[in-house]
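Structure record follows, encoded as structure tokens.
What follows is calculated from the coordinates using simple rules that are stated; it is not laboratory data. All values reported here derive from a predicted model rather than from experimental measurement. Don't worry about glycine lacking a Cβ; one is built from the backbone with ideal geometry, like all the others, and counts go over all protein chains shown.
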Amino acid sequence: MNLMQIHHIAIICSDKDAALDFYRDKLGFRVIRENYRAERDDWKIDLRLGDCELEIFIMKDHPARLSPEAYGLRHLAFRVDNVEETAAELEAKGIPCEPIRTDTYTGEKMTFFHDPDGLPLEIHE
């Protein structure tokens, strides 16, 4: 087996405009392609950040996320050079962050924020 790297991560969002405002406009992902899928009445939007792709599916009437502690994806984490500066930039864009804390095992600074559907996102030094 020769797994080389993660190709993409897929998430389901409820609102196209809110998702694009958040991931593209505020976090800086670049849209690669947007496709409306009439047979499913949804959108599949591919975005890129560095070498990683994020697929967002805009779907109507799906159940809300019950808890980030449920089985499945817990959160996405982004490496940053400076957690304080990045958290301040997020806050300036209207994205609240949790208090900055230190990772118990690595000693590195980290904090969490959430996307418009409540998916936890982390910044980590």
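Couple of notes before you dig in:
- Checking Gly118, Gly50 one by one, the residue that is without any contact (Cβ under 8 Å) to a residue 24 or more places away in the chain and under 22 Å from His8 (Cα atoms) is Gly50 and no other.
- Filtering segment 66-87 to residues that are over 11 Å from Ile123 (Cβ atoms) and either of a type in the set (A, V, I, L, M, F, W, C) or more than 14 Å from the chain's Cα centre (by Cα) (or both) leaves Leu66, Ser67, Glu69, Ala70, Tyr71, Gly72, Leu73.
- The strands (runs of 3 or more DSSP E) located wholly in segment 1-119 include none with 3 or more residues which are surrounded by fewer than 12 Cβ atoms within 10 Å (Cβ to Cβ), touching a His at 6+ places or on another chain (Cβ under 8 Å) and not polar (S, T, N, Q).
- Ile123 vs. criteria in contact with a helix residue (DSSP H, G or I) (Cβ under 9 Å, 6 or more places away or on another chain) and over 28 Å from Met4 (Cα atoms): no
- Segment 22-44, residues that are under 13 Å from the mean Cα position of the chain (by Cα) and not basic (Lys, Arg): Phe22, Tyr23, Asp25, Leu27, Gly28, Phe29
- So Leu66, is it in contact with a strand residue (DSSP E or B) (Cβ under 8 Å, 6 or more places away or on another chain) and not hydroxyl-bearing (Ser, Thr, Tyr): no
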